[in-house]
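I have placed the structure first, in the form of structure tokens, so that the comments after it can refer back to it.
Readers should treat all values here as calculations from the given coordinates under stated rules, not as data from a laboratory. Keep in mind that what you see is a predicted model, and the values were worked out from it rather than measured. Every residue, glycine as well, gets a Cβ built from its backbone with ideal geometry; the counts of neighbours run over all protein chains shown.
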């Protein structure tokens, strides 16, 4: 296995650290002071106890936050895992809107609608800040150079 050094800009490193703090904070919130608010995001169709879902997702968010902060050599892999997690929990944002479950100060359907586009933006920031997107683009470019398609 080849050890490649993937460089980050100061902006990427700063964003990754802020995301790590954010995920650690919100994960802790799942377990403590924001637990009731997070219950509003669990869709009715999830086949588990809602409180269990909130607790488990909180533990996962803490692990992801700590990983963003400290697993620097694995940051591209961590970036993809965080992106997949954000995709997995996105139905909770939609369920919150559909079921009119207001939480986190989002006290109208309009605010819940306006919130939805921020999840893809957050995913993009995660992939950029961890270098996952850039590494993927380099692999695509390399594979294209090694195996050009016939025209």
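When 136, 113, 128, 45 are ordered from fewest to most other Cβ atoms inside 10 Å of their Cβ, what list results? If you can, show how the numbers build up before the last one.
Numbers: 136 14, 113 11, 128 18, 45 7.
With the fewest neighbours first, 136, 113, 128, 45 line up as 45, 113, 136, 128.
Arrange 100, 30 by Cβ neighbour counts within 10 Å, fewest through most, would you? Don't jump to the answer; show the numbers that get you there.
Details: 100 10, 30 22.
Neighbour counts put them in this order, fewest first: 100, 30.
Under 8 Å for C-alpha pairs, at least 6 residues apart: give me the relative contact order for the chain, rounded to a whole percent. Intermediate values should be presented prior to the final figure.
Values: 146 pairs, mean separation 47.1, N = 151.
Taking the mean separation of contacting Cα pairs over the length of the chain, I get 31 percent.
Calculated FRET efficiency, residue 36 and residue 84, Cβ-Cβ r, R0 41 Å, to nearest 0.05? Spell out each step's value before the answer.
Working: r = 27 Å, r/R0 = 0.65.
Efficiency, from the Cβ-Cβ distance: 0.95.
Give me the percent relative contact order of region 34-112, please, defined on Cα pairs under 8 angstrom at least 6 residues apart. Before the final figure, lay out each step's value.
Details: 45 pairs, mean separation 31.3, N = 79.
Result for region 34-112 is 40 percent.
In deg cm²/dmol and to the nearest 500, what is the mean residue ellipticity at 222 nm of the chain if only DSSP H runs of at least 4 residues count, each as -39500 (n - 2.57), divided by the residue total?
The helix contribution divided over the chain gives -23000 deg cm²/dmol.
Let me know the Rg and Dmax you get for region 10-146 when you use only its Cα atoms, in Å.
Rg then Dmax for region 10-146, in Å: 16.3, 53.
Using only Cα atoms, find the angle between the long axis of helix 132-146 and the longest principal axis of the chain, and express it within 0 to 90 degrees, rounded to the nearest 10.
30 degrees
How do 127, 39 rank when sorted from fewest to most other Cβ atoms within 10 Å of their own Cβ?
Numbers: 127 20, 39 15.
Final ranking by Cβ density, sparse to dense: 39, 127.
Quick one: length gained pulling residue 22 to residue 118 fully straight, 0.36 nm per residue minus the C-alpha distance? Don't skip to the answer; put the middle values down first.
Working: separation 96, 0.36 × 96 = 34.56 nm, distance 1.47 nm.
Net length gain for the segment: 33.1 nm.
So, in Å, what gap is there between the alpha-carbon centers of region 67-106 and region 11-40?
Distance between centres, Cα-based: 10 Å.
Using Cα atoms only, what is the angle between the long axis of helix 118-129 and the major principal axis of the chain, expressed in degrees (0 to 90) to the nearest 10?
Helix 118-129 and the main axis of the chain meet at about 30 degrees.
How high is the FRET efficiency from residue 9 to residue 73, r the C-beta distance, R0 22 Å, rounded to 0.05? Don't skip to the answer; put the middle values down first.
Numbers: r = 17 Å, r/R0 = 0.78.
After rounding to 0.05, the efficiency reads 0.80.
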